[in-house]
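Asks: Structure incoming, see below.
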Amino acid sequence: MIKTRRFPKIYFGWWTVLITSIWSGLGNGFYQSGISVLFKPIAADLHLSRAAASIATGIGRLEGGLESLLTGWLSDKFGPKWIIFTGTCIFIIGLVLMNFINSLWAYILVWGIITGFGNNLAFTLSVDKALTDWFVRKRGLAFGTRFVLVGIAGVITLPTVAWLIAIQDWRVATLIWAGVIFVGLPFLWYFVKQKRPEYYGLLPDGAQIGSDLETNGSTIINKGIEYATETAGEVEFTLRQALKTPNYWILAVGWCGGMLIHGAITIHLVPFLTDIGIDATLAGSMMATMIFFQIPARFFSAFLCDRLRVNYWRFLLAGAFLFQAIGITVILLNQSLVMTYLFLILFGFGSGAVILIRILIEGRYFGRKAFASIHGVTNVINSPIGFATPVFTGWIYDTTGNYIIAFLTLAILTTVAALLVCLARPPKPPSKILDIEKII
């Protein structure tokens with residue numbers, strides 16, 4: 001049943017962008033990037049090798065991929081609101097429990113499983129689903145805005161966490177961050193809606209709707225589907241229909257290869273920088289520099305996607321992968337301070353673009369209806385890589401005393417992935433367009 005409500009003059013979807021972006025930036029930024037600052041203090045406190053200390057985060061990423069199937073289906077079937085709210089509560093509980101860990105197994109349970117589970121529920125796929133539902137033609141702008149805000153939050157998060165560790169310790173830092181995320185709960189509850197805008201008498205992007213349609217729910221839903229097709233050429237696949245296209249599998253495998261390097265760098269960057277003689281607090285600030293350069297990359301790639309034909313988006317994704325590979329090559333060849341900053345700029349620019357472009361490609365290739373389920377399957381495929389690459393990188397360091405072999409291997413594989421995604425053309429529409437409730 002359609003519920004027509006009074007919303008502010010500003011399209012409600014933009015409020016969803018603002019609130020989810022701020023708190024996913026603070027939450028996911030702490031979990032994904034903040035671990036690089038927390039890594040050495042935790043390893044030293046618990047007397048862990050770097051490979052062992054990498055396991056907890058690796059498990060969090062493995063778990064995140066596996067749970068994406070359920071998260072994606074629930075988000076498509078029932079909407080993202082409850083998933084985001086519940087995940088945020090679990091994430092807060094995990095951060096509080098970090099104050100009580102004293103062993104590797106406790107670290108794996110609390111950081112890898114509980115905190116990782118909450119992060120993956122609250123700040124990733126479910127948010128992507130919410131924004132994909134509310135935007136079509138302006139989706140690039142919406143996600144560009146989201147990731148710019150996430151980047152700004154990340155720039156604030158890393159030096160703040162490094163400062164908290166310096167004046168207190170890592171346990172206090174996690175407790176304080178639990179309080180920061182707790183403040184966002186009422187905002188997330190109100191500004192995330194359970195269904196796509198048609199169920200509230202609105203069209204995607206805030207497009208105008210005729211007065212004759214305002215009381216006819218099924219007509220509004222059909223009008224929303226027509227709007228997506230007419231303005232963006234977007235057709236809604238079911239999960240099964242998407243998985244039958246070779247285009248999906250080329251994109252999925254290429255994505256997994258391109259993300260090899262990301263998991264290793266986000267965990268091992270600060271340890272790598274301190275190993276080459278950079279102060280730990282400065283290293284945290286330098287990682288924030290890398291995140292800072294993700295901001296223009298996200299805005300620029302969103303700008304291009306909104307203006308280029310969808311057939312060219314795969315080349316943008318390939319270019320973003322190459323930026324990361326080139327950045328790694330630069331730092332391996334010369335570890336001077338100037339080249340270190342060049343690496344941070346190149347890698348930040350590339351990593352800032354890849355996630356946004358991938359979301360936009362999957363949304364435009366396969367539509368809104370089963371977006372989260374399709375996205376979730378890709379995450380399942382990618383999850384073993386998210387688990388293995390940080391551990392592999394830590395093991396190489398423990399074995400050789402440096403990161404050179406690990407980083408070089410990952411840079412080569414990322415280059416291969418860039419070539420592969422160039423083959424991922426937009427799929428042909430399915431032979432039969434099924435009802436909006438048919439997700440699978």
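The values are calculated or read from the model by the stated rules, or taken from the named source; none is laboratory data. This structure is a prediction, so every number in the text was calculated from the model and none was measured. All Cβ positions, even for glycine, are placed from backbone atoms using ideal geometry, and neighbour counts span all protein chains on display.
Asks: Within segment 383-434, how many residues turn out to be in contact (Cβ under 8 Å) with a residue 40 or more places away in the chain and assigned to a loop (DSSP other than H, G, I, E, B)? Lay out the reasoning, then the answer.
Replies: Step one: of segment 383-434, the residues in contact (Cβ under 8 Å) with a residue 40 or more places away in the chain are 383-395, 397-398, 402-404, 406-408, 410-430, 433-434.
Subsequent filtering for residues that are assigned to a loop (DSSP other than H, G, I, E, B) retains 402-403, 422-430, 433-434.
Of the residues in that region, 13 qualify.
Asks: Give the residues of segment 110-137 that are aromatic (Phe, Trp, Tyr) and crowded, with 23+ Cβ neighbours inside 10 Å, sorted by residue number.
Replies: Looking only at segment 110-137, we keep the residues that are aromatic (Phe, Trp, Tyr), and these are 111, 117, 123, 134-135.
Result: Trp111, Phe123, Trp134, Phe135.
Asks: Just checking, does segment 144-153 include any residue being outside any helix (DSSP H, G or I) and β-branched (Val, Ile, Thr)?
Replies: Keep residues of segment 144-153 that are outside any helix (DSSP H, G or I), which gives none.
No, segment 144-153 contains no residue that is outside any helix (DSSP H, G or I) and β-branched (Val, Ile, Thr).
For every residue, the table says whether it meets (1) hydroxyl-bearing (Ser, Thr, Tyr); (2) under 15 Å from Ala264 (Cβ atoms).
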residue	(1), (2)
Val377	no, no
Phe387	no, yes
Thr393	yes, yes
Asp398	no, yes
Leu408	no, yes
Pro430	no, no
Lys438	no, no
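Asks: Residues of segment 324-344 being free of Cβ contacts under 8 Å to residues at least 60 places away in the same chain and within 22 Å of Leu149 (Cα to Cα), which ones?
Replies: The one that is free of Cβ contacts under 8 Å to residues at least 60 places away in the same chain and within 22 Å of Leu149 (Cα to Cα): Leu344.
Asks: Filter segment 138-159 down to the residues that are modelled with pLDDT of 90 or more and of a type outside the set (Gly, Ala, Ser), then identify the one that is surrounded by the most Cβ atoms within 10 Å (Cβ to Cβ).
Replies: Ranking the qualifying residues of segment 138-159, first place goes to Phe143.
Asks: So if I check each of Ala302, Ala297, which one is out of contact with any Ser or Thr (no Cβ under 7 Å at 6 or more places or on another chain), closer than 18 Å to Glu234 by Cβ and buried (at least 24 other Cβ atoms within 10 Å of the Cβ)?
Replies: Working: Ala297 fails: closer than 18 Å to Glu234 by Cβ.
When all the criteria are applied, what remains is Ala302.
Asks: What residue, among those in segment 142-165 that are of a type in the set (A, V, I, L, M) and out of contact with any helix residue (DSSP H, G or I) (no Cβ under 6 Å at 6 or more places or on another chain), is nearest to Phe39 (Cα to Cα)? Walk me through it before giving the result.
Replies: Filtering segment 142-165 for residues of a type in the set (A, V, I, L, M) gives 142, 148-150, 152-153, 155-156, 158, 161-162, 164-165.
Those still in the list that are out of contact with any helix residue (DSSP H, G or I) (no Cβ under 6 Å at 6 or more places or on another chain) too: 152, 156.
Working: Ile152: 22, Ile156: 18 Å.
Checked segment 142-165; the qualifying residue nearest to Phe39 (Cα to Cα) is Ile156.
Asks: For Ile55, indicate whether it is under 21 Å from the mean Cα position of the chain (by Cα), buried (at least 17 other Cβ atoms within 10 Å of the Cβ) and modelled with pLDDT of 85 or more.
Replies: Working: under 21 Å from the mean Cα position of the chain (by Cα): yes; buried (at least 17 other Cβ atoms within 10 Å of the Cβ): yes; modelled with pLDDT of 85 or more: no.
For Ile55, the condition - under 21 Å from the mean Cα position of the chain (by Cα), buried (at least 17 other Cβ atoms within 10 Å of the Cβ) and modelled with pLDDT of 85 or more - is not met.
Asks: If I go through segment 307-317 residue by residue, how many of them are buried (at least 16 other Cβ atoms within 10 Å of the Cβ), within 23 Å of Val150 (Cβ to Cβ) and of a type outside the set (Phe, Trp, Tyr)?
Replies: 2
Asks: Follow-up question, since we're still on this one. Would it be correct to say that Trp255 is buried (at least 22 other Cβ atoms within 10 Å of the Cβ) and at pLDDT 80 or above?
Replies: Details: buried (at least 22 other Cβ atoms within 10 Å of the Cβ): yes; at pLDDT 80 or above: yes.
Taking the combined requirement at face value, the residue satisfies it.
Asks: Another question, then. Out of curiosity, is Leu175 surrounded by fewer than 22 Cβ atoms within 10 Å (Cβ to Cβ), in a helix (DSSP H, G or I) and either free of Cβ contacts under 8 Å to residues at least 12 places away in the same chain or acidic (Asp, Glu) (or both)? Talk me through it step by step, then tell me what you get.
Replies: On the way: surrounded by fewer than 22 Cβ atoms within 10 Å (Cβ to Cβ): yes; in a helix (DSSP H, G or I): yes; either free of Cβ contacts under 8 Å to residues at least 12 places away in the same chain or acidic (Asp, Glu) (or both): no.
No.
Asks: Check Leu202, Leu213 and return the single one that is more than 26 Å from the chain's Cα centre (by Cα) and at pLDDT 85 or above. Outline the logic, then answer.
Replies: Working: Leu213 fails: at pLDDT 85 or above.
Step by step, each of Leu202, Leu213 is checked, and only Leu202 is more than 26 Å from the chain's Cα centre (by Cα) and at pLDDT 85 or above.
Asks: For Glu437, state whether it is over 30 Å from Thr274 (Cα atoms), touching a His at 6+ places or on another chain (Cβ under 8 Å) and either without any contact (Cβ under 8 Å) to a residue 40 or more places away in the chain or not aliphatic (A, V, I, L, M) (or both).
Replies: On the way: over 30 Å from Thr274 (Cα atoms): yes; touching a His at 6+ places or on another chain (Cβ under 8 Å): no; either without any contact (Cβ under 8 Å) to a residue 40 or more places away in the chain or not aliphatic (A, V, I, L, M) (or both): yes.
Taking the combined requirement at face value, the residue does not satisfy it.
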